[in-house]
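Working notes for the structure below.
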Amino acid sequence: MSNFSQFMKRNKKVRGNTTYKATKSLVDESGIPLDWTVRPLSTRENEAIQDECMVDVPVTGKPNVYRPKLNTSKYIAKMICACVVEPNLYDKDLQDSYDVKTPDELLKEMIDDPGEYNDFATFVQNFNGFNTTMENKVEEAKN
């Protein structure tokens, strides 16, 4: 029989931040890639991002009938932006230095190597408990 009090919030472990070297193109004085600080998302935050990235697509052969579909690349970019603490992707001066207007655009300018971007996306997804990346799920659904 379980002890109900063990489920109280005071007993819940708090997930902490971590660091990741997201790109080799941003380095310190010694040439070492800079650490990016990443925080975990809550389930509520993740659901809000998913909702923001849903689009209605028409159902073939059924006029005026739509089904929701997740815009995966938009979702991943927004999830990464929500998780990155440092550098502050929402900082106007940083955005201006790359001549962009949104955190999503800034992220893709700062990590402009597709392989590094994909590796960082995988890291952020794994850090947030997604053991299979969204890209893998999309590929699996296609096959």
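Among the conditions (1) free of Cβ contacts under 8 Å to residues at least 40 places away in the same chain; (2) closer than 26 Å to Asn126 by Cβ; (3) of a type in the set (Gly, Ala, Ser), the only one that Gly61 does not satisfy is (2).
Only one of the numbered conditions (1) modelled with pLDDT under 95; (2) assigned to a helix (DSSP H, G or I) is violated by Arg44, and that is (1).
Counting only residues that are farther than 20 Å from Glu109 by Cα, small (Gly, Ala, Ser), open to solvent by 70 Å² or more (accessible area, probe 1.4 Å) and part of a helix (DSSP H, G or I), the stretch 47-74 holds 0 of them.
Suppose we keep only residues that are over 25 Å from Ala121 (Cβ atoms) and open to solvent by less than 90 Å² (accessible area, probe 1.4 Å) within the stretch 1-30. Which one would you say is modelled with the lowest pLDDT? Selected residue: Ser2. Among all residues of the stretch 107-114, there is none that is out of contact with any helix residue (DSSP H, G or I) (no Cβ under 9 Å at 6 or more places or on another chain), farther than 19 Å from Glu45 by Cα, open to solvent by 60 Å² or more (accessible area, probe 1.4 Å) and in a strand (DSSP E or B). If you go through the stretch 1-34 and keep only what is touching a strand residue (DSSP E or B) at 6+ places or on another chain (Cβ under 6 Å), part of a loop (DSSP other than H, G, I, E, B) and free of Cβ contacts under 8 Å to residues at least 40 places away in the same chain, you end up with just Lys21.
The values are calculated or read from the model by the stated rules, or taken from the named source; none is laboratory data. Remember, predicted model here, so these are calculated numbers, not experimental data. Here the Cβ is made from the backbone with ideal geometry for all residues, glycine too, and neighbour counts use every protein chain on show. We work out accessible area using only protein heavy atoms, side chains counted, and drop any ligands, DNA or RNA first. Shrake-Rupley method; radii C 1.70, N 1.55, O 1.52, S 1.80 Å.
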